[in-house]
C-alpha cells in the first residue's frame, strides 16, 4: 500500500504554551525544532512509509521539512489540528495515498521499532489503528486506511472518539500500546519525567 506519514506542526515559537512556566519562548522553539527534525529523521527511515508530509502554518517548520526532502502543505485558515489533518489527508489522497499515518512531533521516546510495530499487523483492507498515550485517553499515532475512512477527533478524549468513529463507519479498529508512542509532552511534569529518564532517575 502507498502509506503516507502526516506530521502536524504548530508554530515552532508559539507552541507548547503550557510549558511557559519552565521554558522560555526561545527554549520552546528550540525544543520543537529538535523534535521536528528527529521525527522526520525517523520517518524517512521506515521502509513502509513511502512519503512524509508536514502540515503547518509556520513557514520555518515548512522550510525545515523541505530541506530534509519532505513534502509540505500549508495549514488552512482555520488554525485547528483536525482541519489541518483533513487538508493534509486530502493532499496525500490526491497523490495516491492508500493509507495515512499521523505522527505528532512531541514524542521524545519515539523509535523506528515503535512505528514498525504499529504497522506490523496492517492489512490491505479498511482499518484504523491507534496508539494510546500513557493515560489511555489521547491518541499519539493513528493509522487510517483508506484516507478519510474516519473523521479525525484529536483533542481531549480522542482515543475513545476515534474508536467510536471507526465503529460508526464500520471500519475495523484496534489499539497498539507501545512505549515510544505512549509518552508525549504537554505539561511541565511530562518534561520533568523525560528529563528524569534521560538522567537515569525513576520517572
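Coordinate-derived values only; no laboratory data. What you see is a predicted model, and the numbers here were worked out from it, not measured in a lab. Cβ placement follows ideal geometry from the backbone for every residue including glycine, while neighbour counts extend to all protein chains displayed.
Can you give me the angle between helix 25-43 and the longest principal axis of the chain, using Cα atoms only, in degrees from 0 to 90, rounded to the nearest 10? Value to nearest ten degrees: 40.
When the helices in the chain are scored as -39500 (n - 2.57) per DSSP H run of 4 or longer and the sum is shared across all residues, what 222 nm value do you end up with, to the nearest 500 deg cm²/dmol? List each step's numbers first, then the result.
On the way: 7 runs with 78 residues, N = 203.
Dividing the helical sum by the residues of the chain leaves -11500 deg cm²/dmol.
Seen against the Cα atoms of the chain and their longest principal axis, helix 81-94 is set at about 50 degrees.
Just to confirm the number: angle between the C-alpha axis of helix 158-169 and the first principal axis of the chain, 0 to 90 degrees, nearest 10? Helix 158-169 sits at roughly 10 degrees to that axis.
If we count other beta carbons within 10 Å of each Cβ, what is the order of 72, 89, fewest first?
Going from least to most buried by this count: 72, 89.
Taking 0.36 nm per residue of separation and subtracting the Cα-Cα distance, full extension of the segment from residue 78 to residue 59 would add 5.2 nm. Beta bridges assigned by DSSP with both partners in the chain are antiparallel in approximately 35 percent of cases.
Under the criterion of Cα pairs below 8 Å and six or more residues apart, the relative contact order for the chain equals 22 percent.
According to the Kirkwood relation over distinct C-alpha pairs, the hydrodynamic radius of the chain is 17.1 Å.
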